[in-house]
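Bear in mind that the values in this text are calculations on the coordinates, not laboratory data. Remember, it's a predicted structure, so these values are computed and weren't measured experimentally. As a convention, Cβ positions derive from the backbone with ideal geometry for all residues, glycine included, and neighbour counts pool all protein chains shown.
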């Protein structure tokens, strides 16, 4: 080894970069391995090929059954509905419902006759009402005759219940001049006398089919009756139809064809892309752990990143293959089935979907499959065995499914707001592409692309982290036990929170805030009430759990709350930031308000709140709205929780997770979004400075300016109108755009300055390495570390 | 840090493996923060078999996992051929072959594919790879199950594939962690023969086991591990001389029990002080 240390370092750098050849090698191996597995092949390829045709055949069978199945109908009161000379004076209809069949051939085949009843009259429905008489067997009895041997209604019900007939039509007495009123079941009717009872059983499919057919026959009969009656009375039939509606769909034919498919197909694809990613992911990580091959791989020259990329590629391939096979199988089957049945939603041309626009789906499938695959890989890495991996599928689905379902909701369209939601945005973008609205798609493409790539990079990063974590890869098979865990928490307290405790603290705060919010039923109408409404959650639900956990579960309040001193150069930058960030925050809040506007009701509900705030004494408002939230929220989020999450060298996790928790804690969506962005910035400051204190000052400055901007504007200091103006319409104070621009410039300069100052110091060490070292008190005893230091 | 390493490799070029004050702590639910490996130091030269002897849970596997870069040490340094296991893992992995009862082989790959795959991962060129494969398969007498998938192999076959997998890139350092565990006598004997051959070829070997006879017959130098610590180390003669005990098994147990007594007396003293 004659390499100089510099060359060695270079070699190490080269060695740290994933090699494409190794990734390809890994990928081909995983693919071959999976393709040799019968279970995978079955779920990925065979199942979709079989599933949809089977379901399709089933649907066809049902359709045929509905159309062609012969039903048996009994008509009681044949004397009132036939063209019988005997009853000619009471029957006032023009055409009869039933016609007596002279020809024996034409009569319904005789089948079992109900007991105690003489043979029915051979009849069939009049040709004008039901032409395909082959699939209805009619049995007709005289009402007068039957009623002699018992109650008609009871008998009708018995016959339907005992499945003697699928449906019974009961006409008790001659129908009057008004024609029949169809009476289903035995509901009361006020059309005295003229009623037709229809008995059926909703629990029996056959009975329901029979009922549907009878209703349509009876309606047709009644219609013909009404028409004749009206023309007899000298009324023009056109009166009934004063105008016609000519509907005209202006959507291009392509859109019309695509409308149905552009909603359904992406959904099917995404759900399958998710499922298709998960099972291979479990096998490739948890399965390998279980079989012991993961350790073989880990001590091979393959880098962790190469392993992750190779596996990710394989999982992604399977995810896409599953999605494509399922979608195409469904497409082929359903277009065939729909053609056969001849139905489609809203009568649109359902046939084959337009294939060329559907290619856009493929383009969208690639990033989304990658996203799902990376998530699945990261989640599957937590499992120790395939079986355990299966349990993680549900939570992952529960998190991602709403994002897939959201675009399916009626009225969800592609706009600035929806384009920023991960997965949903991509889904809607594809839909507009499929429907041919290229301009709209192009407008939102940058947003969707940025959001998707950010999500993708986070997910892959997480997956990579999982593969670098010893506790994830070699987590011992220790049985978790509540008692042992509680003892462990107490006995092994450390100076700062562990990530688990940090997550726990965040969860406690968010859940407590949620229920706290539910407990507040109405807005208080005094300043004191408002003060209570802010103080209680801030102290009771945010600060108290934090302090409690910090005292109980850690040994040093100062370390766990990150109450570290900060040098004066940083303090000065932080002070400038505290003032200068506010215009940017206002700008951001304004933008968010435009994107996701607050409802007028919500604005109305907030109005008294604002009025009280603006009329209360300034100092108490500052205390209430700036000092208290700044201290409580910062100690919780950028202090205790941050301190736990930043450990194990995870700065990104700490910044992002605390920002999200901070955002969610604000409750109102619009506030949550701006607070999340603010949280990212505060998290970055906390990370760079290694302390919670700068965050408190910035948070305080921002809140204080928010509540006193109106007052400052009212002071009308000389020159102030150049900085702050009052909006003429909403009476809300706002910054002058030039001032906002300046603030942006100054803020960025401050942040860069802070970055450069902290780069020279070892506060970054402070975040993680030192915390861990202090806890394990290793460096004191370990002589080798001295060598490191020198 | 780099300067330290290059200095170390200059001073002691003969030491292929250097381990200094290696410590690994775990968070454990029952035992709390516990040291699986506690201040372990040793060195191994090329052409030498170094034996790690200890009961189950003594920390042997953890030491060897750290050496094979699968785990990171909590503190302390371990270098292989001058490369730090914590900071240059890729370089280290290029120089070691690791066989453990935890490093299984793929069920859905044949013996040939398995060894070929790891050779390719090492970036070997096709020519040298296939030459090496043929040689290894001959040497280890694996030709009859070349095309048998891992899932259908016997334990002995699997072990051979694992060894071939570890040897494919002809590494200077070989690490065997409880490699004879679960093997029948014949297969275990063959494995030990292979290991001796590797020593003759000038390789640097670490061999961990809990079977004393293996250590006695095979190892040039021995370290006895107990509860994460090395109680004593040296050649068999050194150890027997130092402890005046000719029977190795007796030596092992007397070492363990005297260590237990010592820790107990310390515990007792601490208790008294606490009172």
Peptide B:64-77: average number of partner chain Cβ atoms within 10 Å per residue?
4
Extension length gain for residue A:416 and residue A:470 (0.36 nm per residue less Cα distance), in nm, is 15.3 nm
How shielded is B:101-109 by partner chains, expressed as the average number of their Cβ atoms within 10 Å of its Cβ atoms?
6
Hull surface over four for the Cα convex hull of the range A:500-774, reported in nm², is 14.8 nm²
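Work out the mean other chain Cβ neighbour count within 10 Å for the residues of A:27-34 and drop it here as an integer. Show your work: numbers first, answer last.
Details: counts 0, 2, 8, 0, 0, 5, 5, 1.
Counting Cβ atoms of other protein chains within 10 Å of each residue's Cβ and averaging gives 3.
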Return the FRET efficiency for the residue pair residue A:521, residue A:760: r is the Cβ-Cβ distance, R0 is 60 Å, and the value is rounded to the nearest 0.05.
0.65
For the range B:2-274, share of DSSP beta bridges that run antiparallel, in % to the nearest 5
55 percent
Between residue A:50 and residue A:623, what is 0.36 nm times their sequence separation minus the Cα-Cα distance? Round to one decimal in nm.
199.5 nm
Just want the ordering: A:76, A:534, from fewest to most Cβ atoms lying within 10 Å of their own Cβ.
A:534, A:76
By counting other Cβ atoms within 10 Å of each Cβ, how are A:560, A:329, A:725 ranked from fewest to most?
A:725, A:329, A:560
Distance in nm between pseudo-label sites at residue B:138 and residue A:514 (7 Å out along the Cβ direction from Cα):
6.9 nm
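How would you rank A:263, B:160, going from fewest to most other Cβ atoms within 10 Å of each one's own Cβ?
Ranked by crowding around the Cβ, least crowded first: A:263, B:160.
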Report the residues of the range A:265-282 in range of a label on residue B:108: point 7 Å along Cα→C-beta, backbone N strictly under 12 Å from it.
A:280-282
Report the calculated FRET efficiency for residue A:677 and residue A:487 (r = Cβ-Cβ distance, R0 = 30 Å), to the nearest 0.05.
0.15
Mean residue ellipticity (222 nm) of chain B, computed from DSSP H runs ≥ 4 via -39,500 (n - 2.57), nearest 500:
-13500 deg cm²/dmol
Taking Cα atoms of the range A:25-67, Rg/Rh with Kirkwood Rh, to two decimals?
1.37
Tilt relative to chain B, helix B:155-167 - C-alpha long axis, 0 to 90 degrees, to 10
90 degrees
How much length is gained on full extension from residue A:127 to residue A:233, taking 0.36 nm per residue of separation minus their Cα-Cα distance?
35.6 nm
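Students often check this: by mean Cβ neighbours within 10 Å, which of A:313-319, A:202-208 ranks highest, and how do the rest follow?
A:313-319, A:202-208
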